[in-house]
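Input: a single structure, listed below in structure tokens.
The values are calculated or read from the model by the stated rules, or taken from the named source; none is laboratory data. What you see is a predicted model; the values in this text were computed from it and never measured. Neighbour counts run over all protein chains shown; Cβ positions are idealised from the backbone, glycine included. These area figures cover heavy atoms from the full protein model, side chains too; ligands, DNA and RNA do not enter into them. Shrake-Rupley method; radii C 1.70, N 1.55, O 1.52, S 1.80 Å.
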Amino acid sequence: MPSTRKMTNKAGKVFYEITVRRGREKARLTSRWYPPEGWSQRAIDRELTKVAAEFERQCKAGEVVSREEKRQQEAQEAAEAAKIQTLHQFGERVFMPAKTVTLSENSRCSYQGCLDRWIYPALGEQKLPDISPADVTALLLKLQAQGKAHSSVVKCYVILSGLFKMAYLSDMIPRNPMDKVERPKPRKDEVQKQEIEAYTAGEVRYILDCLKEEPLKWQVFLRLLIDTGIRRGECGGLQWRDIDFQMCSITICRNLCYTPQKGVYLDTPKNGRTRIVDIDPEIIALLRALRQEQAESAISAFVFTQDGSPEPMHPHSPVRYMQNFSKRYGIPDLHPHKLRHTFASVAITAGADVASVSEKLGHSDKAVTLRMYTHANEESIRQASQIFRQALKKAAQE
């Protein structure tokens, strides 16, 4: 029960001090009540009982605290507020360091670019718990309105999904706003270009004929891409010790990469596995000639080097060369990855099993090979029809 006592302040005004004790470990709480002038003592006692009871209730409910408890509470709230990071802080302190462990340098650089260019300027200074689904949707719509490519908008969506999922699992936010954000769809005016995904066998023969007029280094480089379907970086990262001249094979164990932050550097192949790929004996003969030609100007561990230097060629050099090659010989849309598409499509159309093609391409899952690198053409469509008809005829004869 609260205790009360009658007191007088410095001005001579009467008041009642109400005290609530909360045990030995907590300081007592006090309050003052000034009775209205002219009230009888009976009225004052009756009202004082009500006021004291209400003050006791407030103390037990935690609505009234001591000055020390208030300071402690404010300090705790300040500490909790400090833990609530902005999106930019969480992205740089937690999200990107975690991604650096799992992503390749190229992917990490791509993530960082999206964050720096688009996500941080729009949402970076907001506290993570304050960011709503509407905020994220507004950013994605703004990017689309600015004419950003659909793939770029989707990449921002994917990055934000990963960031908020990590924040949610880390108990930084009570809910994940991305649960209510729809994956971006292409704009109505964003017509996807219908490009040729792979060359036919006849078109490949034409490319090979044109290559005979080109420098030896580029003859070897493009023929390796055509003959094996290996990636541009895997080809650029080849060293002479990777060439087995007797068995007509090469070992793919590194990937030549470039980012503005890191420059040119060597990494592991995309799936992290080393693989041995057989090559055409004609290419082995060209490799012998290239090694002799290279030795006349510079001794290098790398098969493909900068002109007159032992340093490996820049990973972007093949793209620039193939663009010029494409213009000179009228070959549509020639680039390294299209030759990778071509290898898989021509091989599977001609009867090669998907598992073997997938292994040569360096895929960890043959479903990726079927989904991304096989394209129907008139010849394969006719073959499918013939196989179906022959199966029906065979069934009728049995």
For the chain, convex hull volume per residue from C-alpha positions, Å³: 330
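What does the charge count near residue 260 come to, summing +1 for each Lys or Arg and -1 for each Asp or Glu among other residues with Cβ under 15 Å from its Cβ? Can you show the working numbers first?
On the way: positive: 108, 117, 262; negative: 105, 116.
Taking every Cβ under 15 Å from that of residue 260, the sum is +1.
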Nearby lysines by direct alpha-carbon distance to residue 60 (threshold 26 angstrom, same-chain neighbours under 8 apart not counted): 6, 26, 50, 70
Suppose every Lys and Arg Cβ carries +1 and every Asp and Glu Cβ carries -1, with no other charges. What dipole size does the chain come out with about its Cα centre, to the nearest 20 debye? 2060
Modelled label reach - residue 58, point 7 Å along Cα→Cβ, segment 1-33 residues with backbone N closer than 18 Å: 1-5, 15-22, 27-33
Please compute the modelled spin-label separation between residue 51 and residue 209, points set 7 Å along Cα→Cβ, answer in nm with one decimal. 10.8
Give the lysines reachable from residue 155 as a straight Cα distance under 27 Å; neighbours fewer than 8 places away on the same chain don't count. 99, 127, 142, 165, 180, 185, 188, 193, 262, 270, 338, 366
Cα-based shape type of segment 1-143, given that a ≥ b ≥ c are square roots of the gyration tensor eigenvalues and the cut on a/c is 1.5: prolate
Relative contact order for segment 189-284: what is it in percent, counting Cα pairs under 8 Å that are at least 6 residues apart? 22
How high is the relative contact order of segment 84-177, in percent, counting Cα pairs under 8 Å that sit 6 or more residues apart? 36
Evaluate the distance, in nm, between pseudo-label points positioned 7 Å from the Cα of residue 117 and of residue 328 along their respective Cα→Cβ axes. 3.2
Classified through the alpha carbon gyration tensor (a ≥ b ≥ c as square roots of its eigenvalues; rounded if a/c is under 1.5, else prolate when a/b is larger than b/c, else oblate), segment 238-312 comes out oblate
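Can you tell me the length gained on complete extension of the stretch residue 285 to residue 141, counting 0.36 nm per residue apart and subtracting the Cα distance?
Details: separation 144, 0.36 × 144 = 51.84 nm, distance 5.52 nm.
My answer for the length gained is 46.3 nm.
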Can you list the residues of segment 312-332 with backbone N under 13 Å from a point 7 Å past the Cα of residue 200, pointing along Cα to Cβ? none
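Over the chain, with the other protein chains present, what is the accessible area per residue in square angstrom, probe 1.4 angstrom? Let's see the in-between values first.
Numbers: 23870 Å² over 398 residues.
That works out to 60 Å² per residue.
Suppose only helical runs count, i.e. DSSP H with n ≥ 4. What mean residue ellipticity at 222 nm does that imply for the chain under -39500 (n - 2.57) per run, divided by all residues and rounded to the nearest 500 deg cm²/dmol?
Numbers: 17 runs with 202 residues, N = 398.
That comes out to -15500 deg cm²/dmol.
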Relative contact order in percent for the chain (Cα pairs under 8 Å, 6+ apart) equals 11
Which distance in nm do the two modelled labels at residue 41 and residue 6 give, with both placed 7 Å along the Cα-to-Cβ direction? 0.6
Let a ≥ b ≥ c be the square roots of the eigenvalues of the Cα gyration tensor of segment 1-60; is it rounded (a/c under 1.5), or, if not, prolate (a/b larger than b/c) or oblate? oblate
